[in-house]
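Everything below concerns the one structure shown next.
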Amino acid sequence: MLAPRQIYDHIQRGFPLLERPYQHIGATLGYDEQTVLELLAQDLEAGRISRIGAIFAPNVIGASTLAALAVPPEQLDRVAQQISARTAVSHNYGRSGHRYNLWFVAGARNRTMLDEELTEIAAETGYAPLDLRLEREFHVDLGFTLSAPHSPHRSRRAVTVLQPQELSEDEWRLVAALEAGLPLTPRPYAALSLACHMSQAEVVAHLTKWQESGLIRRFGVILNHRRFGYVHNSMCVWDLPADRVDAIGERFAQLPQVTLCYRRTRRLPHWPYNLFAMVHARDAGELEQALTAFAREESAPHAVLTSHTCYKQRGTRYAYAQQVTQ
């Protein structure tokens, strides 16, 4: 039995910070605690959800980047396998529409370690990655409304801009414990407290503080969106003047099908584009509506890169190197 969609509409964000959160979810939606745990476990095993956990604001507790490789089509699967095997890589997609056809997200404990990772990828694959660093976010939210057939995404919310933060060793242990996902046990925060050598009260206090400050952008179930019908997905990019890019980005971020919208560093002469908007749609018509809306708003040089293969999708592992060195 698959978990009903209303469960996921309820717990993709604002996951309860209570001693027995699954019991609370069940009581709210008309299920008992064991049923909720069994449904989530089945969907986790089936790959419909990737974990229950935290999405951290990028480049605040660690370093991350969007990177791309231009790979001959006949080598794409082989190189993608090499990229996906790396612990630092969280997302890895094949995309058509441009010679840069393999796109991945990499994260590390700090920028120096991330630079080393990209250097190693270039040496291993024989292809130098574009390092497309984040400059400004306009909208980032991969939470999906599932129960309404044509309302794919929630309302737009202002992005909280945070400065990079130094975490204590205790806090890094909590981040590391969270990266694999919240345990599917009746008292998951007690299990976290054992893993990071904090009291349960301290774990909950940190999670509360991080959510209130915006350090944690979203805390809840992370869906494998393709398994829920979001298979018409494209990354749209524009080459915009510096004095117009932010205004256009703010407008594009308000479109309902846009899940990600941000300004990133150009890499001339290979990559002239500085504005990115990701569209996730459940059918071709919905995708076309978004592309038409973009065209009405802006006619600057642009490209549409359509996702055709998901090679890897999971949460960013900022703390993995911290664990290795201890």
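The values are calculated or read from the model by the stated rules, or taken from the named source; none is laboratory data. The shown structure was predicted, so the numbers you read here are calculated from the model rather than taken from an experiment. As a convention, Cβ positions derive from the backbone with ideal geometry for all residues, glycine included, and neighbour counts pool all protein chains shown. Just so you know, the surface numbers come from the protein's heavy atoms only, side chains and all, with ligands and any DNA or RNA stripped out. Shrake-Rupley method; radii C 1.70, N 1.55, O 1.52, S 1.80 Å.
Okay, here's what the table says:
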{"quantity": "Qualifying residue in the range 281-296 (condition: closer than 25 Å to ALA106 by Cα and under 23 Å from the mean Cα position of the chain (by Cα))", "calculated": "yes"}
{"quantity": "Contacts under 6 angstrom Cβ, first residue in the range 100-113 being of a type in the set (Ser, Thr, Tyr), partner open to solvent by less than 10 Å² (accessible area, probe 1.4 Å) and modelled with pLDDT of 95 or more, 6 or more apart", "calculated": "TYR100/ALA68"}
{"quantity": "Residue among TYR230, TYR189 that is modelled with pLDDT under 95 and open to solvent by less than 20 Å² (accessible area, probe 1.4 Å)", "calculated": "TYR230"}
{"quantity": "Filtered residue count, the range 127-179, keeping only those that are modelled with pLDDT of 85 or more and either within 20 Å of the chain's Cα centre (by Cα) or not aliphatic (A, V, I, L, M) (or both)", "calculated": "25"}
{"quantity": "Residue match in the range 269-280 (condition: out of contact with any strand residue (DSSP E or B) (no Cβ under 7 Å at 6 or more places or on another chain) and open to solvent by 50 Å² or more (accessible area, probe 1.4 Å))", "calculated": "yes"}
{"quantity": "Checklist (1) assigned to a loop (DSSP other than H, G, I, E, B); (2) surrounded by fewer than 19 Cβ atoms within 10 Å (Cβ to Cβ) applied to GLU288, failing item", "calculated": "(1)"}
{"quantity": "Helices (runs of 4 or more DSSP H) wholly inside the range 168-253 containing at least 2 residues that are in contact (Cβ under 8 Å) with a residue 40 or more places away in the chain, over 27 Å from LEU291 (Cα atoms) and not small (Gly, Ala, Ser)", "calculated": "169-179, 188-196, 200-213"}
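Residues checked against (1) over 22 Å from the mean Cα position of the chain (by Cα); (2) of a type outside the set (Phe, Trp, Tyr); (3) over 26 Å from ARG133 (Cα atoms):
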{"site": "GLN6", "(1), (2), (3)": "no, yes, yes"}
{"site": "ASP9", "(1), (2), (3)": "no, yes, yes"}
{"site": "ASP32", "(1), (2), (3)": "yes, yes, yes"}
{"site": "LEU37", "(1), (2), (3)": "yes, yes, yes"}
{"site": "GLU45", "(1), (2), (3)": "no, yes, yes"}
{"site": "ALA63", "(1), (2), (3)": "no, yes, no"}
